[in-house]
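Peer 1: Structure incoming, see below.
The values are calculated or read from the model by the stated rules, or taken from the named source; none is laboratory data. What you see is a predicted model, and the numbers here were worked out from it, not measured in a lab. Cβ atoms come from the backbone with ideal geometry, glycine included; neighbour counts cover every protein chain shown. We work out accessible area using only protein heavy atoms, side chains counted, and drop any ligands, DNA or RNA first. Shrake-Rupley method; radii C 1.70, N 1.55, O 1.52, S 1.80 Å.
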Amino acid sequence: MVCTDITMEDLITIHHEMGHIQYFLQYKDQPVSFRDGANPGFHEAVGDVLALSVSTPGHLKKIGLLKTVQDDYEADINYMLSIALDKIAFLPFGYLMDAYRWSIFSGETKMDDLNKKWWQLRECLQGISPPLSRPKTSFDAGAKYHIPANVPYIRYFISVILQFQLHEKLCEVANQTGPLHKCDIYQSKEAGAVLGDMLKLGSSKPWPEALEIITGTSKLSASSLVKYFKPLIDWLKANNTGHRVGWDMDTCPFSATTTAPPSGHSTGTVPSSGQSTESGPTGTNGLSTSTSIGNSCGTGFSLILVLCTVKYTFSPYI
């Protein structure tokens with residue numbers, strides 16, 4: 001039983017959970033061993049693909065939850081910024097969770113450095129400093145359930161990339177020709193049939209093959225994500241002209257045992273909408289699955305970096 005309120009958040013949550021249920025129903029005829037998602041990220045992405053349509057103002061008007069829709073440039077930017085702060089701002093955290101776990105499993109991070117490594121990743125990838133002095137004997141990472149419970153987290157990172165890739169292709173199948181951020185595949189039998197063909201496979205095929213059924217490629221790519229946010233990317237570039245964005249990577253991370261960053265150090269604070277937001281530099285090739293991201297501050301990335309400067313393309317074998 002799910003207790004909900006009449007809120008946008010719960011509307012999105014319900015559709016996300018129904019995405020899981022639809023996946024279950026579609027692969028129910030597979031042998032027991034294959035009754036699962038193509039990979040864990042697929043299960044999370046399916047519900048979020050639906051949410052990308054459901055959250056559009058046009059859809060909300062169509063189902064009677066909005067009386068009118070303000071269809072102009074300012075409304076589009078506000079809408080995309082709200083989605084970006086939910087989806088894109090999550091990416092650094094979604095990645096660093098398993099970067100932290102993997103560094104422990106590999107032996108790179110020693111037992112005496114568990115807290116130091118956690119804050120190093122939080123600071124370098126997210127630009128977040130501890131509010132108080134954090135001694136090495138603390139284990140702040142344990143406050144996140146997935147760390148002590150040993151639950152892999154990379155699925156959530158992958159799902160953000162994947163959902164936009166699926167969204168673009170399903171919009172094409174549904175003959176939606178407008179901008180991706182306005183696409184609504186609601187009531188499209190064609191899009192539903194293509195999505196259903198993939199869901200029915202469960203985990204019976206390698207996930208690149210399942211991906212290819214919808215997208216026509218076995219490669220996981222963030223090009224669709226970049227395309228979705230292109231108007232916002234252009235707006236951010238124009239409105240951040242002359243502003244210093246990000247934090248000083250030469251002195252990153254801030255000391256995990258101090259209460260504040262060094263004097264004069266940029267904290268990467270995110271100001272109000274329309275002003276500069278945080279960022280960090282990365283290599284020219286973006287995120288590669290063969291590199292150990294999180295081992296150095298130079299690989300930090302954040303909202304502006306992802307939206308304005310980086311187009312990630314992933315190997316199908318992560």
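Peer 1: Of all residues in the range 5-25 being open to solvent by 70 Å² or more (accessible area, probe 1.4 Å) and not in a helix (DSSP H, G or I), which is modelled with the lowest pLDDT?
Peer 2: Looking at the filtered set, the residue picked out is ILE6.
Peer 1: What is the number of the single condition among (1) farther than 24 Å from LEU195 by Cα; (2) without any contact (Cβ under 8 Å) to a residue 40 or more places away in the chain; (3) within 18 Å of the chain's Cα centre (by Cα) that LEU66 does not meet?
Peer 2: (3) is the only condition that LEU66 fails.
Peer 1: So, of the residues in the range 159-202 that are surrounded by 21 or more Cβ atoms within 10 Å (Cβ to Cβ) and polar (S, T, N, Q), which turns out to be nearest to PHE42 (Cα to Cα)?
Peer 2: SER159
Peer 1: So if I check each of ILE6, ILE14, which one is free of Cβ contacts under 8 Å to residues at least 24 places away in the same chain, under 23 Å from GLY94 (Cβ atoms) and of a type outside the set (Phe, Trp, Tyr)?
Peer 2: ILE14
Peer 1: Read through the list (1) in a helix (DSSP H, G or I); (2) among the β-branched types (Val, Ile, Thr); (3) modelled with pLDDT under 95, then give the number of the only condition that THR177 fails.
Peer 2: (1)
Peer 1: Which condition number does LYS28 fail, the rest of (1) part of a loop (DSSP other than H, G, I, E, B); (2) over 22 Å from LEU195 (Cα atoms) being met?
Peer 2: The number of the failed condition is (2).
Peer 1: When you scan the range 114-146, how many residues do you find that are open to solvent by 50 Å² or more (accessible area, probe 1.4 Å) and at pLDDT 95 or above?
Peer 2: Residues flagged as open to solvent by 50 Å² or more (accessible area, probe 1.4 Å) and at pLDDT 95 or above within the range 114-146 amount to 4.
Peer 1: Can I ask one more? Do the conditions hold for PRO130, that is, is it under 26 Å from ASP234 (Cβ atoms) and of a type outside the set (Val, Ile, Thr)?
Peer 2: no
Peer 1: Out of the residues in the range 26-53 that are of a type in the set (Asp, Glu) and farther than 21 Å from PHE164 by Cβ, which is least open to solvent (accessible area, probe 1.4 Å)?
Peer 2: So the residue we want is ASP36.
Peer 1: Pairs needed: first member in the range 120-134, over 14 Å from PRO92 (Cα atoms); second member anywhere, aliphatic (A, V, I, L, M); C-beta distance under 9 Å; at least 6 residues apart or different chains.
Peer 2: The qualifying pairs are SER129/ALA256; SER129/ALA260; PRO130/ALA256; SER133/ALA256; ARG134/ALA256.
Peer 1: Tell me which helices (runs of 4 or more DSSP H) are completely within the range 65-157 and hold 3 or more residues being under 26 Å from ALA45 (Cβ atoms), or say none if there are none.
Peer 2: Because the criterion is at least 3 residues that are under 26 Å from ALA45 (Cβ atoms), the helices (runs of 4 or more DSSP H) in the range 65-157 that meet it are 73-87, 91-105.
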